[in-house]
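The values are calculated or read from the model by the stated rules, or taken from the named source; none is laboratory data. None of these values were measured; they are calculated from a predicted model. Glycine gets a Cβ as well: all are built from the backbone with ideal geometry, and neighbour counts include every protein chain shown. Heavy atoms of the whole protein, side chains included, go into the accessibility calculation; ligands, DNA and RNA do not. Shrake-Rupley method; radii C 1.70, N 1.55, O 1.52, S 1.80 Å.
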Amino acid sequence: MQTIWLSGAEWLAVLRIGLGLWWLESWRHKDRKGWFERGTGIAWAADVAGKHRWGAVATGFRRVVEPRPKLIAYVVVYAELALGLGLVTGFLTPIALVAGLLLNLLYLVLMIHDWAEQGQNAMMALISLVALFAMAWQTWSLDAAFGLFL
């Protein structure tokens, strides 16, 4: 596919890089001291999960997150950084796209009552799906340079 300015594969790379920048912005604006030292992020998520309309969300949160809040805080914050860097550089792109899709779906389920959050996470999940199935790592990526995921 040819367009006026860039090829179809180059537009997919732009989409992939834009998604990576979105993840990096999500990481950048987090109050990491609050997340790691005061536990603000996990405390907020616990409050949301506790009031969730689906009981399985609260149960899952109690079983998975509550026993290890500090570890989960680090996982969430640094997963966003790793996803952003992987997508911007195009390194291990299919893995980053699948992991990002799963994280967005998790956020989407947790924030099912918040339309603003649903919109952001739904859009990021859609971009991940498009980039994954269109193999957006074939152009402008370390994966292409190293011959990975051909």
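For segment 4-19, state whether one or more residues are closer than 23 Å to M124 by Cβ, open to solvent by 60 Å² or more (accessible area, probe 1.4 Å) and assigned to a loop (DSSP other than H, G, I, E, B).
Scanning segment 4-19, I find no residue that is closer than 23 Å to M124 by Cβ, open to solvent by 60 Å² or more (accessible area, probe 1.4 Å) and assigned to a loop (DSSP other than H, G, I, E, B), so the answer is no.
Working carefully through the options L81, L71, L103, L85, find the one that is on the phi < 0 side of the Ramachandran plot, hydrophobic (A, V, I, L, M, F, W, C) and open to solvent by less than 30 Å² (accessible area, probe 1.4 Å). Lay out the reasoning, then the answer.
Working: L81 fails: open to solvent by less than 30 Å² (accessible area, probe 1.4 Å); L71 fails: open to solvent by less than 30 Å² (accessible area, probe 1.4 Å); L85 fails: open to solvent by less than 30 Å² (accessible area, probe 1.4 Å).
Residue meeting the stated conditions: L103.
Mind checking whether some residue in segment 40-54 is open to solvent by less than 30 Å² (accessible area, probe 1.4 Å), modelled with pLDDT of 95 or more, more than 26 Å from I127 (Cα to Cα) and not β-branched (V, I, T)?
No.
Considering only helices (runs of 4 or more DSSP H) fully contained in segment 33-100, which possess at least 2 residues that are touching a residue at least 40 places away in the same chain (Cβ under 8 Å) and under 16 Å from the mean Cα position of the chain (by Cα)?
Result: 69-89.
Quick one: A125 ticks every box in (1) surrounded by 15 or more Cβ atoms within 10 Å (Cβ to Cβ); (2) free of Cβ contacts under 8 Å to residues at least 24 places away in the same chain bar one, so which box is it?
(2)
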